Amino acid sequence: MPLILGVKVDTITREQAIIRVERLLKDGGQHILTTPNPEFIVAAQNDAEFRNILNRASLALPDGFGLMLAAKFLRLPFKERIAGSDFVWDIARLAVAGGYSVYLLGAGEGVAAAAAAKLKIKNVKLKIVGAESGVLLTPSPLPAPYRTCSGAGMGEGGGEGVIKRIRDVAPDILLVAFGHPKQEKWIASHLAELPSVKIAMGVGGALDFIAGRVRRAPRLLRALGLEWLWRLFLQPWRIVRIYRAVVLFPALIARSYLTKR
Ligand code: UDP
């Protein structure tokens, strides 16, 4: 299992990842899927709890252009980058094919429901049994037929209610969009209370992308590894996070390379 700065990242193609998820859904266990990118890896350096969760993942999808560059530099056999937000679509297809139900948890008010509606347009038979926001906001009318409510995730007192709501509809797949490392920590501490869940994955901003609330960088910028520039332009308040990914991460990689030589 390759480690980048002590964090597990699977060297796997998107096709292989899909096959692995198919197997995980059938093996009777409960699995955490992660999407380590440079920001995750920097965060994990000083957060042992986060690092342990990442290293316990059944599948760690290599996300982020910077990760691919680092792998090249460290001569690790990485095959392809798998963006978490693209992989959500693969999970939706797998869910339809296997008859698995999905619960979307997280993001701002109405985003999970809007993402559910978008996923259903391309996957008409997808069973989305819950779609609820992850921040404490006042309830507002959301598109039927999704069961929705606000104030689930991270707010005080929201924890108990959300566990019950998820247990009541017993989803097979749980996608959590609280941002890292909150989403991974939330999943790790609550998965055992949600026995129906076979696969739980932190999806960060994926619901915002799918719902069309945040535009992904154009393909060309992504191919050039300049997605960070796009995010800086759209979400300038992320500058510290972008600094961690674009400056700190390469510096840590270079340091680890030089100290190992
Ligand atoms: N979010 C949430 N509850 C929180 C904090 C964040 O639902 O307490 C949502 C936020 O609205 C956004 C997502 O989590 O939809 C975080 O996306 P981001 O792109 O920051 O994810 P990351 O890059 O950290 O994985």
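Points to keep in mind about this one:
- Odd one out for Glu184, checked against (1) among the acidic types (Asp, Glu); (2) within 16 Å of the ligand (Cβ to nearest atom); (3) at pLDDT 95 or above; (4) surrounded by fewer than 20 Cβ atoms within 10 Å (Cβ to Cβ): (4)
- Those residues of the stretch 206-226 which are within 16 Å of the ligand (Cβ to nearest atom), small (Gly, Ala, Ser) and modelled with pLDDT under 95, in sequence order: Ala217
- Inside the stretch 204-261, residues that are polar (S, T, N, Q) and open to solvent by 90 Å² or more (accessible area, probe 1.4 Å) make up a count of 1.
- Residues of the stretch 1-51 classified as in a loop (DSSP other than H, G, I, E, B) and farther than 19 Å from Ile253 by Cβ, total: 6
- When Glu15 is tested against (1) within 17 Å of the chain's Cα centre (by Cα); (2) within 27 Å of Ile128 (Cα to Cα), just one condition goes unmet, and that condition is (1).
- Qualifying residue in the stretch 58-76 (condition: at pLDDT 95 or above, within 16 Å of the ligand (Cβ to nearest atom) and either within 26 Å of Ser196 (Cβ to Cβ) or open to solvent by 50 Å² or more (accessible area, probe 1.4 Å) (or both)): yes
- Looking only at the stretch 190-203, and only at residues there that are among the small types (Gly, Ala, Ser) and either modelled with pLDDT under 95 or crowded, with 20+ Cβ neighbours inside 10 Å (or both), the one that is nearest to the ligand (Cβ to nearest atom): Gly202
- Condition met for Glu80 (outside any helix (DSSP H, G or I), closer than 28 Å to Ile163 by Cβ and open to solvent by 20 Å² or more (accessible area, probe 1.4 Å)): no
- Being modelled with pLDDT under 95, within 11 Å of the ligand (Cβ to nearest atom) and open to solvent by 20 Å² or more (accessible area, probe 1.4 Å) is a description that applies to Ser150.
- Residues in the stretch 11-48 that are within 16 Å of the ligand (Cβ to nearest atom) and of a type in the set (A, V, I, L, M): Ile32, Leu33, Ile41, Val42, Ala43, Ala44.
The values are calculated or read from the model by the stated rules, or taken from the named source; none is laboratory data. Source: prediction; values computed, not measured. Positions of Cβ are generated from backbone atoms using ideal geometry, with glycine treated the same way; all protein chains shown enter the neighbour counts. For accessibility, only protein heavy atoms count, side chains too; no ligands or nucleic acids. Shrake-Rupley method; radii C 1.70, N 1.55, O 1.52, S 1.80 Å.
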